[in-house]
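Everything on this sheet refers to the single structure shown next.
No value in this document is a laboratory result; all are computed from the given coordinates. Because the structure is a prediction, the values reported are computed rather than measured. All Cβ positions, even for glycine, are placed from backbone atoms using ideal geometry, and neighbour counts span all protein chains on display.
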């Protein structure tokens, strides 16, 4: 049932992306609408505002979670496309491990900055 | 077909390929008389009988039951016996062998890989009680409602048209294909069967059920009006439910109780009975 679990994760990450990316988009781009509901978001795209969010654990957690689910969703989808176009057992192994390695490196590289900011 | 019946002549542009002579397939045109109701298969039979006896194609029942005459007619897969030439409203028809299958000669494709894939998903009833399977005492019970859940998929004639229409089968040569996956659902949904766990493992591969993009081309092309895409979606639901632990335990049908009383034979009417 390995492929079914991988696909189940694809569905779950798809839903999580909709939620987490939805929060990101609302905060970053719909500040006028938030203002209408009396939620004060001042200059959400400014450097100070970004640094301010990066110092709060909840925001760092949200963005790292978004990074993880986007990486899984995108790379698992990419793996499916590549395997469909190059059907062979050897290619499958190589593609799978290259994608896992790429995912881990991208996750560490991208989550290092917000984590470092939070700790500092 | 007689000359009096013919309304007009149309051109059948048929793909020819003889592996012993040709390096690549080529087209040959034939002028065929067509009357109302003439099928593409009848056109091909006219060519074979009157114009070129070397033209090779499969045919058997001529009534869309055997699934032999699947071919690509005007770039869409059809059963030649089930397709009338008039449907196309064209003076020229292009006829090619089914794509996504190896060509043996002219319009004949190699269906052995297709049948092997079909066999690989164990398309037969599996029961754990071997004694009843080997020495059956009665049939397994099934209500009409239970039969209805998979009935349409029993009408598959294994013509290979769904495989030819499937975009995933075109790109992924190891893909199980809509026919085998629909048959997998057909047996997993059958309450007389207990082999779903074995079949789930067979379709849960890198080139199995999850490679289906739900293009729906198989359902659109199926000459028997089946909906293999629906079967694949329902099978996906079963797999996901199983993975999440939400799958209801399917009660396999019991063996019917043996008939203890039989009605007596209705006597022959007196006027037919011979008196000894």
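Pick from B:42, B:220, B:129 the residue whose mean-square fluctuation is largest in a GNM of chain B, springs joining Cα atoms under 10 Å.
Comparing B:42, B:220, B:129 in a Gaussian network model of chain B, the most mobile one is B:129.
Quickly rank A:108-115, B:235-242 as a protection proxy: mean count of other C-beta atoms within 10 Å, highest first.
Descending mean neighbour count gives B:235-242, A:108-115.
What percent does the relative contact order of chain A come to when contacts are Cα pairs within less than 8 Å and at least six residues apart?
Worked out over chain A, it gives 29 percent.
Write down the percent of antiparallel bridges among all DSSP beta bridges whose residues are both part of chain B, to the nearest 5.
The antiparallel proportion sits near 85 percent.
Using r as the Cβ-Cβ distance of residue B:122 and residue A:28, and R0 as 41 Å, what FRET efficiency do you calculate, to the nearest 0.05?
0.20
Give the relative contact order (percent, whole number) for the range B:112-244; include only Cα pairs under 8 Å separated by 6+ residues.
31 percent.
What shape does the protein assembly as shown have by the C-alpha gyration tensor, where a ≥ b ≥ c are the square roots of the eigenvalues, rounded means a/c under 1.5, and otherwise prolate means a/b greater than b/c and oblate the rest?
Because a/c hits 1.5 or more and a/b fails to exceed b/c, the protein assembly as shown counts as oblate.
Would you please put B:154-160, B:18-24, A:14-20 in order of how densely packed they are, using the mean number of other Cβ atoms within 10 angstrom per residue and starting with the highest?
The densest-packed peptide leads the list: B:154-160, A:14-20, B:18-24.
What average number of partner chain Cβ atoms lie no more than 10 Å from the Cβ of the residues making up B:209-221?
Shielding by partners across B:209-221 averages 1.
Distance in nm between label sites at residue B:35 and residue A:46, each 7 Å beyond Cα in the beta-carbon direction?
About 8.8 nm, to one decimal.
What is the average number of partner chain Cβ atoms found within 10 Å of a Cβ in B:165-174?
Other-chain Cβ atoms within 10 Å of each residue's Cβ, averaged: 2.
By average Cβ neighbour count within 10 Å, what is the ranking of A:99-107, B:111-119 from highest down?
Listed from highest to lowest mean packing, they are B:111-119, A:99-107.
Testing the spin-label approximation: label points 7 Å from Cα along Cα→Cβ at residue B:20 and residue A:81. State their distance in nm.
In this crude spin-label approximation the distance works out to 4.7 nm.
How far is the Cα center of the range A:69-90 from the Cα center of the range B:55-102, in Å?
The range A:69-90 and the range B:55-102 have Cα centres separated by 36 Å.
If R0 is 22 Å, what FRET efficiency do you get for residue B:142 and residue B:65 from their C-beta distance, rounded to 0.05?
0.35
Would you tell me the mean number of C-beta atoms belonging to other protein chains that fall within 10 Å of each C-beta in A:4-11, as a whole number?
Average per residue, whole number: 5.
Along Cα→Cβ, 7 Å out, is where each label goes; now give me the distance between the ones at residue B:74 and residue B:54 in nm to one decimal.
Inter-label distance under the simple model: 3.0 nm.
Once the piece of chain linking residue B:27 and residue B:84 is laid out straight, how much longer is it, given 0.36 nm per residue of separation minus the C-alpha distance between them?
18.4 nm
Over chain B, what relative contact order in percent results from Cα pairs under 8 Å that are six or more residues apart?
16
Could you identify which residue out of B:198, B:131, B:86 has the top mean-square fluctuation in a GNM of chain B using Cα springs shorter than 10 Å?
Maximum fluctuation in the GNM of chain B, among the listed residues, is at B:131.
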